[in-house]
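K.L.:
Once you've had a glance at the structure underneath, I'll fire off some questions.
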Amino acid sequence: MIDTPADTRGNPTGTVVRDVPPPTADTLPPSGPPTPPKPRESRLRALDGLRLVAALMVAGYHYGGRGGEVEKAWGTSPKEQFPTLHSLFSYGCLGVQVFFVISGFVICMSGWGRPLRSFFASRASRLLPAYWAAVILVTAVFALPMVAYKAVAPSDALVNLTMLQQPLGVDRVLGVCWTLWAEIRFYALFALCIVLPGANRRRVILFCAGWTLAAAITQGAKSPLLDIVLMPEYAPYFIGGVGLYLVHRDRKDAYAWGIVAVSWLIGQHYAVAKLWHAPDPAAFSNRSVWGIVLVVTLGYVAVAAIALGWLRWANWRWLTVAGALTYPFYLVHEHLGWVVIKAYHRTLGIPSYATLLLTVITMLVLAWLLNRFVENRLTPRLRSLLSTPRG
């Protein structure tokens, strides 16, 4: 959800280098002019675009596809503001599952052939600067007397800077940070099982198979500890993304396709189990089973199309900018969006659909500011600091 192909193997171009066995007497080319090297793969800009699409799906859900605090911003339920589209917006929460599939793909790509120190430095420097800035910004805005939303206690806000508020039971400053807790656990599992011993195809396949089996056992055993570590509800999406990266390396890899298929089958089950309920007139929305399955399937298909190179034509530079804005936009859009919606709709009297569009644009502008003045300045410094060996 929150990773960028720009971190691939420490290479800012996001290129992919495949495993090549050392030459032997049987594999050395015959004497003659040297064979020109194969051109390196270009950055997967379509993946940047898909990340922004997933973020906009989640924003649509938070602004017009659910009840709760956003009703205070609109003054009424989003069902009344968007009588036709609110049901469609309600599927936007599945953008998180799409993010997790993308994350599995990108983390496998960026961790392949990278030492543990470099992997850790890349992940920490990618996540923390914008996250710290978002926590401070949202805390400050919610502390303003004219903002009608409750700010977390100062002590809890400080704990939020660690990204560990979820397991510690501390109030969250950012509503979306629960997904970051899932991401961190995935990074830890991948680092210990793949990055530390060294990535190769066999090890990645065993990792995916082992995690899938262990997550299923955890679900059956109903062990809280194992549930925290192996997160069976989200594992299929990360594993599916890892499998799709193996497909990206070799589209004929039957094991990789098997990993993707099993992950999709399990993933759609968890999505339906969590989001479907029997039709209820009192409910905000009534998602259909097939609607949920369709959105999850489209997420897998979109990443698969990128993995197979079918979207290589989508190579516009603006997609790189879109990818860079996705993470800061995702962090700030929900809670600050409430404040902006109230200002546009209730204070200025702007109609609902125009308010929705202007709120998204405002949050994208804020994301651009965070990217330019926070991420672009702090990320390289933090990466360099964490990458430098000490002692």
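K.L.:
Read through the list (1) surrounded by fewer than 16 Cβ atoms within 10 Å (Cβ to Cβ); (2) at pLDDT below 95, then give the number of the only condition that THR162 fails.
P.N.:
So THR162 meets the others, but not (2).
K.L.:
Follow-up. Which of the residues that make up region 186-209 are open to solvent by 40 Å² or more (accessible area, probe 1.4 Å) and either assigned to a helix (DSSP H, G or I) or basic (Lys, Arg) (or both)?
P.N.:
ALA188, LEU192, CYS193, ARG201, ARG202, ARG203, LEU206, ALA209
K.L.:
Now a separate question. Anything in region 153-182 that is β-branched (Val, Ile, Thr) and not in a loop (DSSP other than H, G, I, E, B)? List them, or say none.
P.N.:
Once the filter is applied, which keeps residues that are β-branched (Val, Ile, Thr) and not in a loop (DSSP other than H, G, I, E, B), region 153-182 yields VAL159, THR179.
K.L.:
Of the residues that make up region 79-98, is at least one over 21 Å from TYR353 (Cβ atoms), at pLDDT 95 or above and of a type in the set (Val, Ile, Thr)?
P.N.:
Yes: one or more hits.
K.L.:
Would you please name the residue that is farthest from SER352 (Cα to Cα), looking only at residues in region 113-130 that are surrounded by 21 or more Cβ atoms within 10 Å (Cβ to Cβ) and in contact with a Pro (Cβ under 9 Å, 6 or more places away or on another chain)?
P.N.:
My answer is SER125.
K.L.:
Return the total of residues in region 345-382 being touching a residue at least 40 places away in the same chain (Cβ under 8 Å), crowded, with 18+ Cβ neighbours inside 10 Å and either over 23 Å from the mean Cα position of the chain (by Cα) or closer than 27 Å to LYS72 by Cα (or both).
P.N.:
8
A quick yes/no check of all residues on (1) more than 25 Å from THR326 (Cβ to Cβ); (2) β-branched (Val, Ile, Thr); (3) in contact with a His (Cβ under 7 Å, 6 or more places away or on another chain); (4) open to solvent by 20 Å² or more (accessible area, probe 1.4 Å):
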{"site": "MET57", "(1), (2), (3), (4)": "no, no, no, yes"}
{"site": "GLU71", "(1), (2), (3), (4)": "yes, no, no, yes"}
{"site": "SER77", "(1), (2), (3), (4)": "yes, no, no, yes"}
{"site": "GLN81", "(1), (2), (3), (4)": "yes, no, no, yes"}
{"site": "THR84", "(1), (2), (3), (4)": "yes, yes, no, yes"}
{"site": "LEU94", "(1), (2), (3), (4)": "no, no, no, no"}
{"site": "VAL101", "(1), (2), (3), (4)": "no, yes, no, no"}
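K.L.:
Please go through region 45-83 and give me each residue that is polar (S, T, N, Q) and under 22 Å from ILE361 (Cβ atoms), ordered by number.
P.N.:
GLN81
K.L.:
Where in region 222-328 are the helices (runs of 4 or more DSSP H), entirely inside, with at least 2 residues that are open to solvent by less than 20 Å² (accessible area, probe 1.4 Å)?
P.N.:
Ranges flagged: 235-249, 254-275, 289-307.
K.L.:
Test each condition in (1) at pLDDT 95 or above; (2) more than 24 Å from the chain's Cα centre (by Cα); (3) not polar (S, T, N, Q) for PHE186 and report the one that comes out false.
P.N.:
Failed condition: (2).
K.L.:
Quick check on my filter: what residues within region 150-159 are among the small types (Gly, Ala, Ser) and open to solvent by less than 40 Å² (accessible area, probe 1.4 Å)?
P.N.:
ALA151, ALA157, listed by residue number.
K.L.:
Looking at (1) within 22 Å of ALA54 (Cβ to Cβ); (2) without any contact (Cβ under 8 Å) to a residue 12 or more places away in the chain; (3) not aromatic (Phe, Trp, Tyr), which one does HIS335 not meet, given that it meets all the others?
P.N.:
(2)
K.L.:
To continue, here is another question. Could you tell me which numbered condition TRP313 fails, if it satisfies all but one of (1) within 21 Å of the chain's Cα centre (by Cα); (2) more than 29 Å from GLY67 (Cα to Cα); (3) free of Cβ contacts under 8 Å to residues at least 24 places away in the same chain?
P.N.:
Against the list (1) within 21 Å of the chain's Cα centre (by Cα); (2) more than 29 Å from GLY67 (Cα to Cα); (3) free of Cβ contacts under 8 Å to residues at least 24 places away in the same chain, TRP313 comes up short only on (1).
K.L.:
Further question on the same structure: Could you list, in sequence order, all residues of region 58-78 that are of a type in the set (A, V, I, L, M) and either free of Cβ contacts under 8 Å to residues at least 40 places away in the same chain or within 21 Å of PHE142 (Cα to Cα) (or both)?
P.N.:
Listed by number, the residues that qualify are ALA59, VAL70, ALA73.
K.L.:
Also: Please state which of the following conditions SER110 fails to meet, knowing it meets all the rest: (1) open to solvent by less than 10 Å² (accessible area, probe 1.4 Å); (2) at pLDDT below 95; (3) out of contact with any Ser or Thr (no Cβ under 8 Å at 6 or more places or on another chain).
P.N.:
(3)
The values are calculated or read from the model by the stated rules, or taken from the named source; none is laboratory data. These figures come from a predicted structure and were not determined experimentally. So basically every Cβ, Gly included, is an ideal-geometry build from the backbone, and we count neighbours across all protein chains shown. Just so you know, the surface numbers come from the protein's heavy atoms only, side chains and all, with ligands and any DNA or RNA stripped out. Shrake-Rupley method; radii C 1.70, N 1.55, O 1.52, S 1.80 Å.
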